[in-house]
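What follows is a short report on a single structure.
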Amino acid sequence: MKSKKSSTRSMVTARAYRVCASGAFVALTVWAGVATAKPAVPDLAPPADPLCSARVSTCLPGPYLAVFSAFPAELAPLLAAANVTETIATGDRVYHVGTLAGARVVLVRLGIGLVNAATTTRAVLDRFDIAAIVFSGVAGSDLNIGDVAVPIEWSDGTATYPAGADLFAVARTITSPPVVLEQCTPVPPDPPGPMVCLDHAPKIVAGGEGVSEDPFGGSAFACMPGQGPVFGCDEALVATPAVAPAATVPDATDMETAAVARVAHDAGIPYVGFRGVSDGPGDPLGLPGFPAQFFAYYKLSADNAAAAASAFLTAWAGHDPTIAAPTSSAPGSSRSRIGAACDWERAASMACLGARVPRAATHDVTRACGFLAASAAATSGSAKADQAARRARKAWHKAAKALTGGHRGLAPDCRAALVSALEKRATTF
């Protein structure tokens, strides 16, 4: 295995074209957004409040694996294969709680860049009982396009963070039997163009170093609603094992994984990353690197990363039964119901972790969430929207009132935090 210094030096030419100036990257996003923008598709969604959710089944307790991607196209194949039981919206982030490939998961789009990745990772770890983190996404690499890199460590240029030893050990086993990776893709992916097939069979390669870089100068890069599968905010609600020898250590370059690794390290939570190669060697079209290759092959590489990550989830659920999906459960409804999030108390305050809140308070939070959803669905400024908003404020206030007395099992600091959070909503919504 190459040293960090020699590995970094070998990547200079491969990475130089990929890490562009922030202004140029933003200009590129505007072009891509115009090219891929589509009308929004209405969907039943919870109001943008962390105490609310849309649920189709009973609450699924943790622990969970946090499964992260940076942009919508990376998360889409995972969401399509998942059984999402609860959806929680907060700001421009959405938490999808459910099961995937036999494991209990929380699927989240982090956003593009180191700042978004770090901020969202901290928020997820604060809210959920997370046992480990799995990243699925795309990267530039010296590997062939379509391959999936699983680096043993990730660096942000100031420190290096090793992947979880047990996670990495299991990741090395997922190609036996082989994981089926896509070899053909429409180019461009969106809207679909002619089908293009790689001249090689993509493979999964475990080992080497990943590097995450920041072209945004320490600023958070904002997603743009309705602007497509890369820069948008919208989420759609055969290889052999290869552990590369020292002479061919794979390197992957992205803008998020090291930030996730740093936050995970600080929290004492293991992580592993699966990065499909979107720009690198092996391009049958001979395109001139990033960004041309990225926009041609991001769907192929995202799908292959998701396939590898899903195979890993299945293997890890067998290794750690605590995160395995329930073997049997009551069938869920085909429609989601708006109400209080399963963990609304913890979302309001960490002081309420494990607290038993009176049912009356939860009932009123559920009513408030329903009114918020009705207000959001109505025409802004209409009498219907205003009436639903007023009813939501009354329900928040009633929920707070239900907590003002003493309750067995509810600590004073928890009760005070909940009352404060609820009353704040009663006066601001």
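Residues in region 107-158 that are β-branched (V, I, T), closer than 25 Å to K299 by Cβ and in a strand (DSSP E or B): 6 in all. In the condition set (1) small (G, A, S); (2) open to solvent by 10 Å² or more (accessible area, probe 1.4 Å); (3) within 15 Å of A259 (Cα to Cα), A117 is compliant with all but (2).
Of all residues in region 237-268, count the ones that are modelled with pLDDT under 70, open to solvent by less than 60 Å² (accessible area, probe 1.4 Å) and assigned to a loop (DSSP other than H, G, I, E, B). It would help to see each step written out before you state the result.
Filtering region 237-268 for residues modelled with pLDDT under 70 gives 237-250.
After this cut, where a residue has to be open to solvent by less than 60 Å² (accessible area, probe 1.4 Å) as well, the list is 239, 242, 244, 246, 249-250.
So of that shortlist, the ones also assigned to a loop (DSSP other than H, G, I, E, B) come out as 239, 244, 249-250.
Count: 4.
Please find, within region 156-172, the residue that is surrounded by the most Cβ atoms within 10 Å (Cβ to Cβ) out of those that are among the hydroxyl-bearing types (S, T, Y) and modelled with pLDDT of 95 or more. Even if it seems obvious, please write down each step before you answer.
Residues of region 156-172 among the hydroxyl-bearing types (S, T, Y): 158, 160-161.
Narrowing further to those that are modelled with pLDDT of 95 or more: 160-161.
Values: T160: 15, Y161: 21.
Here the answer is Y161.
Taking region 344-396 as the range and being farther than 30 Å from G62 by Cα and out of contact with any helix residue (DSSP H, G or I) (no Cβ under 9 Å at 6 or more places or on another chain) as the test, the residues that pass are S380, G381, S382, A383.
The values are calculated or read from the model by the stated rules, or taken from the named source; none is laboratory data. No experiment lies behind these values; they were computed from the predicted model shown. Don't worry about glycine lacking a Cβ; one is built from the backbone with ideal geometry, like all the others, and counts go over all protein chains shown. Heavy atoms of the whole protein, side chains included, go into the accessibility calculation; ligands, DNA and RNA do not. Shrake-Rupley method; radii C 1.70, N 1.55, O 1.52, S 1.80 Å.
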